[in-house]
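J.: Encoded as structure tokens, here's the structure I'll be asking about.
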């Protein structure tokens, strides 16, 4: 994540992400800089919210991805950080409920990335997810809570 108080850092972050996705990084840089310029104040939370809001407003596809979750027919592990600043844990829980037989891991101290201390536990859950008992449609298993500071399962 960039330094949200620095216009150039935010624009470079957007350009790098666009390049990874195959989008035009020059356009992404210009749009991010424009959003930064029009945003009142430079507090990190305000800048991040405005940048992310613009990104999410563009996610208008047909059919809606959320409506297609029940079509997923492979073992699925949903990993969600309790400290995610954009989506509360309830979002991860809802996604796990919509995917047949999905498992949910909540990383207690994580935001949007899997901390190194928890990576081994998450990987272990991924490798086991196809061998665990299959649940019925809409039947959710209790979430696994991982203290992501030390990788301990609770």
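J.: Are any residues in region 1-14 surrounded by 14 or more Cβ atoms within 10 Å (Cβ to Cβ) and either over 22 Å from residue 85 (Cα atoms) or under 19 Å from the mean Cα position of the chain (by Cα) (or both), and if so, which ones?
T.: 2, 4, 10, 13, 14
J.: When residues of region 8-22 are filtered for being more than 20 Å from residue 38 (Cβ to Cβ) and out of contact with any helix residue (DSSP H, G or I) (no Cβ under 8 Å at 6 or more places or on another chain), how many remain?
T.: Residues flagged as more than 20 Å from residue 38 (Cβ to Cβ) and out of contact with any helix residue (DSSP H, G or I) (no Cβ under 8 Å at 6 or more places or on another chain) within region 8-22 amount to 3.
J.: So which residues in region 15-32 are within 16 Å of residue 47 (Cβ to Cβ) and surrounded by fewer than 17 Cβ atoms within 10 Å (Cβ to Cβ), if there are any at all?
T.: Selection gives 17 alone.
J.: Ok, one more. Please indicate, with yes or no, whether at least one residue in region 88-96 is at pLDDT below 85, loosely packed, with under 12 Cβ neighbours inside 10 Å and in a loop (DSSP other than H, G, I, E, B).
T.: no
The values are calculated or read from the model by the stated rules, or taken from the named source; none is laboratory data. Computed from a prediction, not measured in an experiment: that's the story for all the values here. All Cβ positions, glycine included, derive from the backbone under ideal geometry; neighbour counts span all protein chains shown.
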